[in-house]
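Contents: one structure, followed by commentary.
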4 protein chains.
Amino acid sequence: MPESGPKEYTEDDLLELFDRVSNTGRWGDDDELGTLNYITPEKRVAAAKLVALGETLSLARPLSTEQTPANPSPPVHFMVAASRANPSASALDYFGGAPHGRAFTHLDAVAHNNFEGRVYNGRRAEDVYQPKGLTFGSSFAQRHGIFTRGVLLDIARTRGVPYLEPDQGVTVSDLEAAEQAQGVRVESGDVLLLHIGYLEFERATGRYGNIFTGQFAGLTPDTIEWLHEREVAVYGGDCIEQNHPSERFNHLPLHRIAIPSMGLILVDYPDVESLAARCAELARWEFLFTMAPIALPKATGSFINPIAVF
Amino acid sequence: MPESGPKEYTEDDLLELFDRVSNTGRWGDDDELGTLNYITPEKRVAAAKLVALGETLSLARPLSTEQTPANPSPPVHFMVAASRANPSASALDYFGGAPHGRAFTHLDAVAHNNFEGRVYNGRRAEDVYQPKGLTFGSSFAQRHGIFTRGVLLDIARTRGVPYLEPDQGVTVSDLEAAEQAQGVRVESGDVLLLHIGYLEFERATGRYGNIFTGQFAGLTPDTIEWLHEREVAVYGGDCIEQNHPSERFNHLPLHRIAIPSMGLILVDYPDVESLAARCAELARWEFLFTMAPIALPKATGSFINPIAVF
Amino acid sequence: MPESGPKEYTEDDLLELFDRVSNTGRWGDDDELGTLNYITPEKRVAAAKLVALGETLSLARPLSTEQTPANPSPPVHFMVAASRANPSASALDYFGGAPHGRAFTHLDAVAHNNFEGRVYNGRRAEDVYQPKGLTFGSSFAQRHGIFTRGVLLDIARTRGVPYLEPDQGVTVSDLEAAEQAQGVRVESGDVLLLHIGYLEFERATGRYGNIFTGQFAGLTPDTIEWLHEREVAVYGGDCIEQNHPSERFNHLPLHRIAIPSMGLILVDYPDVESLAARCAELARWEFLFTMAPIALPKATGSFINPIAVF
Amino acid sequence: MPESGPKEYTEDDLLELFDRVSNTGRWGDDDELGTLNYITPEKRVAAAKLVALGETLSLARPLSTEQTPANPSPPVHFMVAASRANPSASALDYFGGAPHGRAFTHLDAVAHNNFEGRVYNGRRAEDVYQPKGLTFGSSFAQRHGIFTRGVLLDIARTRGVPYLEPDQGVTVSDLEAAEQAQGVRVESGDVLLLHIGYLEFERATGRYGNIFTGQFAGLTPDTIEWLHEREVAVYGGDCIEQNHPSERFNHLPLHRIAIPSMGLILVDYPDVESLAARCAELARWEFLFTMAPIALPKATGSFINPIAVF
């Protein structure tokens, strides 16, 4: 086991970490973009130059209406009736759902999570969380899209396993070992994607990871500071954080520290399986990353389809 | 008035046009991508090179839950309750809607429209339009995203008006006049965006365009052949087609010919107002265009947020 | 096996039956109430007099959001957020669903079903089935409620079994045997409820009946004529009809003959298990029956909670 | 102005009233029925005897999908597509909505409202209001229906006006004046319905009442004690309470006192216009009242269609 494991983080350590990684006020009092601020025009121009093959690859898991332990409240999808008398009537459908959970790929608004009422950039949940939606830090703030370099760190591959077991943590040592093995370095403004082989685990074992019972491999708290130091703009991966034994932090230090304190943007549950395979084939771990939320004001997040472009 | 106006297209002409612009079988019997096939890897690489400033701009109109004549069945958007006892409970919401109509920006699946039961690539509506969704030509086929050159033709600017009047047609002459005035040429694999000033019209007059009553400026049928010849991959604009006096074609020749016969991909009702302003400032009418539908299998279309990158 | 089994009904027999039981025009050209017309004011007054104990009993199955083979598209139900700052904020929820299928108790509008485009009272599906809802024969027509005598015929009890097997038919002989055994007679304007022990079957075997694969016990076609002769106002029961080998009738002669031809009102899938138990205890098979659809114009049916009053 | 007006109720008076009318523990610690306990079997038997004419009348306002100031978040209703190839395909629809607000008739669960976290029968909102619904006091508790005597007090008629003005209060004096004028007395277990002519006001003036701005005629706090003394089982009417200048009570003393303290069942916004007309014609102000919520577990309320039977 690497040294920088989760055991050393007491609740007091997490509280201290919360303050240490804070970006409150860093980009102005009204900033709603959080770590997207690391993505400069220069960064975008450089990212566009990564397109060499002209290939695009979706990182979205298909939206499923099937109820499973990982998809307890699936979206609804219905075909809507058109006129029976009109032989050219269009095909129409209705779609509805809540863009969170662990069944499909989604983007979190920067105000989606809070810690004991503290929302990103010094706001309070009681002010921001209104019946009509978020008055600050909604995913609408991200409507001009995320366009930057993406880097995949393949933890499973670096460890030489098809998938991590549900009780395993991903530490800073894992991240840096992958960087070294792959010859790539995570830099300011990057989208960091992780591959631990979660979908492979689900398929191989027929089991579902459950963050709330601790049965889900994921990031340990030391990585939060690392994400901060490296100035990562967006974190996504087939794991989120490991369950942490702190009630105050809802067992979710990444969601309860990195989002409200750093303003870190998260893409939860992308499909990185094909991406990992393609990166390995090409022996290339960087690419242009692009995505944009639906343009829904006051939303807490968005169904999202991130695209990697090689 | 230009010569190539709508008057010359009888219903027989439209039927003939339907056959003339057909791409049935062109990209294989199972092709569901339609005109997206014009976007080659080389095209994508070239498009990426258009990124010079590192600026992104959303072309999506905000999704509104307000009922208007243009938004008769608005989406629903609710905040979902979290635990009252937990001071760190997340903000959650539910969103539902039908991704068509004329109120917000959406992508049409290639099988969204048919002509008298004829769906793109030789399929039949009675086979494809099933209660659980589209069995062919859904927007899921486009899940790897659209990444190519975008070109804006600013018709209003070329004509020297703030907006076209609702009874005006946009003809091939208009398209070519804009090309000439702007010094740009629409080429194979491009996304063609049009600006006629529709949102400006709505704001200035308080009126809403209604395609079904003929009160909506838009493309005349001659442009369909032009889109075919130029090998446009995607058409989007603040206008769709002009109402055409043909019941068999539902008054919508673009939707009832270009989609089912050519397999043309449409982005309906993007917001091109800021785009037109920025293009004029930069005196530059081409840019990288990128968008991706939500990953919903069998869907007839998708809420979409297209991004222009300069 | 009783003589009047399903084998003797060819498709021609069903077509003939369709015409023979027709109530087209019987209650006027604009009638949308169908067999509810059998419920006269006198019938209601008499039904009210059946209330002797002052007991009410719900016949609705609980609405479940769990997806099962019998509930493939379950309703959605979630709590809607209220203000966090207000300690007296109300509890709110959102509910949505399609009020048909075989998972919960619902009322069918008289125009919910048609036979090859023929809707109750001489209407055509192409006229009645509009994108905004039913223009004739919606469940809104029943908004003043159904208040009449209910009669339970307990087929399982009469046969001396806990439940019928999925391949068994319920024939006129069964209905009349139950009448005789129970000492009750179904009369004009009654709600007829049947108990075959379906929920008991599901619980005992872990299996689900499926009308479309023929694995669902139910009424045989001879009973349709009997319902017509007895002038039954509403049919409900823990079975609908048995699968019938006729494609033209969608295997559902009760839904495709009794509804569009007779205008028979159906309550699909009530919970009659407690009712059967209570009737047996009291040795009393009649009661006041009351229910009312939600007041949704143009609806094809309604989630419904029928109440038996003893 | 009558003496028992709203002016005399300070916030302290309301707090005292909250305790004075409490039914906590009265019907057992687990009771979820609240004032429905006043409806005894004998009461039901007597109510059934009121049926003399055999007439039923719906008291539900039609559910409207039109957005108005009184219906800001209208329900959604659309037709669901069936098979195009099947000429006998059924008509299906989808309906969704939140069963509260002031646009349509609905039933409040006894735990729908709380006062500063106090829910009926000694429960706490933080325990009862869970993300999956109400764990206590949901409208599912009322699934066996409400079947009792209904009494209409026609306040507008008694005052000799077509409708009350938005700033007018309905006091105990009004209730008793109507009793006297009509020759009827509200008794234990009754459903009390009030008619102040609200829908007539809306139609005549084109204005909408808004309880939160104080522009809505309604009950004054003295009536709460009267409802308690008279042992009313259900209150419904075309008014709810008058706006009261108390922030702590959300300006809604009936909702924040009678529901959580008494466990009073409310039917909000029934249509009593036809009822008032029919009662006046018959010079009869009592009738059988019957309604039942949809059988949705954990629900905060229900779309409801109450039926008066004469």
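Only one of the numbered conditions (1) polar (S, T, N, Q); (2) in contact with a helix residue (DSSP H, G or I) (Cβ under 7 Å, 6 or more places away or on another chain); (3) open to solvent by less than 10 Å² (accessible area, probe 1.4 Å) is violated by A:S139, and that is (2).
Could you please let me know if A:I265 is out of contact with any His (no Cβ under 8 Å at 6 or more places or on another chain), of a type in the set (V, I, T) and more than 11 Å from every other protein chain (Cβ to nearest Cβ)?
Taking the combined requirement at face value, the residue satisfies it.
Listed by first and then second residue, the pairs linking a residue in region D:217-238 that is of a type in the set (S, T, N, Q) to a residue that is open to solvent by 10 Å² or more (accessible area, probe 1.4 Å) and modelled with pLDDT of 95 or more, with Cβ atoms under 7 Å apart and 6 or more places separating them unless they lie on different chains, are D:T223/D:V172.
Taken together, the residues in region A:65-80 that are among the hydrophobic types (A, V, I, L, M, F, W, C), more than 7 Å from every other protein chain (Cβ to nearest Cβ) and out of contact with any Lys or Arg (no Cβ under 8 Å at 6 or more places or on another chain) amount to 0.
Scanning region B:273-289 for residues that are crowded, with 21+ Cβ neighbours inside 10 Å and closer than 11 Å to B:S58 by Cβ yields a single hit, B:L275.
Of all residues in region C:62-73, how many are open to solvent by less than 20 Å² (accessible area, probe 1.4 Å) and of a type outside the set (A, V, I, L, M, F, W, C)?
The first filter runs over region C:62-73 and keeps only residues open to solvent by less than 20 Å² (accessible area, probe 1.4 Å), leaving C:63, C:70-71.
This time we only want the ones that are of a type outside the set (A, V, I, L, M, F, W, C), so: C:71.
Of the residues in that region, 1 qualify.
State yes or no: is D:G117 out of contact with any strand residue (DSSP E or B) (no Cβ under 9 Å at 6 or more places or on another chain), surrounded by fewer than 23 Cβ atoms within 10 Å (Cβ to Cβ) and more than 21 Å from D:I240 (Cβ to Cβ)? Here the answer is no, as D:G117 does not meet what is asked.
Among the conditions (1) acidic (D, E); (2) under 24 Å from A:N113 (Cβ atoms); (3) at the interface with chain B (Cβ under 10 Å from one of its Cβ atoms), A:D93 misses just one, which is (2).
Of the numbered criteria (1) within 17 Å of the chain's Cα centre (by Cα); (2) at the interface with chain A (Cβ under 7 Å from one of its Cβ atoms); (3) open to solvent by less than 10 Å² (accessible area, probe 1.4 Å); (4) of a type in the set (G, A, S), the one B:A292 fails is (3). On inspection, A:T205 does not qualify as under 20 Å from A:V21 (Cβ atoms) and either surrounded by fewer than 17 Cβ atoms within 10 Å (Cβ to Cβ) or touching a Ser or Thr at 6+ places or on another chain (Cβ under 6 Å) (or both). Give the residues of region B:3-41 that are within 22 Å of A:R44 (Cβ to Cβ) and surrounded by fewer than 16 Cβ atoms within 10 Å (Cβ to Cβ), sorted by residue number. The answer is B:P41, and nothing else.
Among the residues examined, B:S83 does not qualify as open to solvent by 30 Å² or more (accessible area, probe 1.4 Å), of a type in the set (G, A, S) and more than 14 Å from every other protein chain (Cβ to nearest Cβ).
Among the residues of region C:96-105, those that are facing another protein chain (nearest Cβ under 7 Å) and open to solvent by 10 Å² or more (accessible area, probe 1.4 Å) comprise C:A98, C:H100. Taking the criterion of being facing another protein chain (nearest Cβ under 7 Å) and either under 19 Å from the mean Cα position of the chain (by Cα) or more than 24 Å from B:N23 (Cβ to Cβ) (or both), the residues of region B:106-117 that qualify are B:A111, B:H112, B:N113, B:N114, B:F115. Pairing residues of region D:38-64 that are under 21 Å from C:A52 (Cβ atoms) and at the interface with another protein chain (Cβ under 7 Å from one of its Cβ atoms) with residues that are among the small types (G, A, S) and open to solvent by 50 Å² or more (accessible area, probe 1.4 Å), at Cβ distances under 9 Å and at least 6 apart in sequence or on separate chains, gives D:V45/C:A52; D:A48/C:A52; D:G54/C:A46. Can you confirm whether C:I146 is surrounded by 17 or more Cβ atoms within 10 Å (Cβ to Cβ), within 14 Å of chain D (Cβ to nearest Cβ), closer than 30 Å to C:I294 by Cβ and touching a helix residue (DSSP H, G or I) at 6+ places or on another chain (Cβ under 7 Å)? Answer is yes for this residue.
A single member of B:H228, B:H251 is open to solvent by 10 Å² or more (accessible area, probe 1.4 Å), in contact with a helix residue (DSSP H, G or I) (Cβ under 9 Å, 6 or more places away or on another chain) and closer than 25 Å to B:D29 by Cβ, and it is B:H228. If you go through region C:299-310 and pick out every residue that is more than 7 Å from chain D (Cβ to nearest Cβ), surrounded by 23 or more Cβ atoms within 10 Å (Cβ to Cβ) and not polar (S, T, N, Q), you end up with 4. Put simply, of D:H195, D:H255, D:H228, D:H251 the only residue that is touching a His at 6+ places or on another chain (Cβ under 6 Å) and not small (G, A, S) is D:H251.
The values are calculated or read from the model by the stated rules, or taken from the named source; none is laboratory data. Small disclaimer: the values here were computed from a predicted structure and weren't measured. Cβ sites come from the backbone with ideal geometry, for glycine too, and all protein chains shown count toward neighbours. The area values use the complete protein model at the heavy-atom level, side chains included, leaving out ligands, DNA and RNA. Shrake-Rupley method; radii C 1.70, N 1.55, O 1.52, S 1.80 Å.
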